[in-house]
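The values are calculated or read from the model by the stated rules, or taken from the named source; none is laboratory data. A quick note: this is a predicted structure, and the numbers were derived from the prediction, not measured. Methodologically, a virtual Cβ is constructed for each residue, glycine included, from the backbone with ideal geometry; neighbour enumeration extends over all protein chains shown.
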Amino acid sequence: MPAPGEYFVRVPELHVKRYLITGLLAFIPVWITWVVFKFVFTLLAGVGAPLVTGIIELIGLGAPHAAQALHRDWVVSIIAFVLTIVALYLLGWLSTRVLGRRILGTIDNLLERIPLVHTIYGGVKKLMTLMRNKPGGTQRVVLIDFPSPQLKSIGFVTRTFTDASGREVAAVYVPTTPNPTGGYLELVPTERLVATDWSMDQAMAFIVSGGAVGPETLPDVEGASPRPAVPVERIAP
């Protein structure tokens with residue numbers, strides 16, 4: 001039988017733990033959303049900030065008071081963010097027009113001729129094309145043994161090639177949670193890939209949400225049944 005005062009001590013402790021856990025579970029989605037939004041906002045604002053700063057300095061030549069009011073970090077960030085979004089929209093619209101394609105093609109050819117730049121630019125461009133397009137019959141989203149044979153991670157097949165022994169190997173990008181822009185590059189024999197029927201959108205939602213959002217079923221992650229061959233597209237280096 002508990003002591004007379006023990007019941008009154010345990011009840012507040014239970015309430016505190018329950019409310020803390022409930023509050024934490026309610027806060028985590030908001031925090032993850034804020035982290036992702038802050039990352040995207042800072043990235044896009046940083047692109048347009050130099051241009052906005054230059055425009056404000058030009059305004060200051062004719063209207064010093066207006067420039068002083070605009071020359072604040074939060075004002076510059078918001079204007080730069082909006083300006084970058086508009087620029088990306090116009091770039092997307094331009095890329096669908098004949099003239100825009102010619103201009104972008106000229107820029108591509110120019111970048112391809114710069115010794116170090118063409119390697120980085122070409123690789124990133126192929127990766128973005130891969131993430132955007134999924135040809136029929138090509139499996140992009142797979143599971144691999146990472147970071148240990150007992151664990152599985154979601155990966156995106158970026159290309160395949162053959163090693164010196166004739167074995168087919170896949171380059172698999174394993175993104176991190178909740179920020180998928182960072183990750184690991186793993187070289188995995190294609191017979192060790194676990195095929196999924198997930199789309200790129202489903203996989204990205206699963207990663208960003210920490211597993212809270214995504215398909216309800218998974219393939220045989222334990223390998224109890226023979227693994228089917230994973231059809232992957234051979235992409236030229």
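Here are some notes:
- In the range 165-174, the condition of being closer than 24 Å to residue 43 by Cβ and under 15 Å from the mean Cα position of the chain (by Cα) is met by at least one residue.
- Being buried (at least 16 other Cβ atoms within 10 Å of the Cβ) and at pLDDT below 85 is not true of residue 174.
- Segments classed as helices (runs of 4 or more DSSP H), wholly inside the range 24-127, with at least 1 members that are surrounded by 10 or more Cβ atoms within 10 Å (Cβ to Cβ) and at pLDDT 85 or above: 73-95, 98-112
- When the range 142-159 is filtered for residues that are at pLDDT 85 or above and crowded, with 17+ Cβ neighbours inside 10 Å, the ones remaining, listed by number, are 142, 143, 144, 145, 152, 153, 154, 155, 156, 157.
- Test for residue 14: is it modelled with pLDDT under 85, exposed (fewer than 12 other Cβ atoms within 10 Å of the Cβ) and within 30 Å of residue 177 (Cβ to Cβ): no
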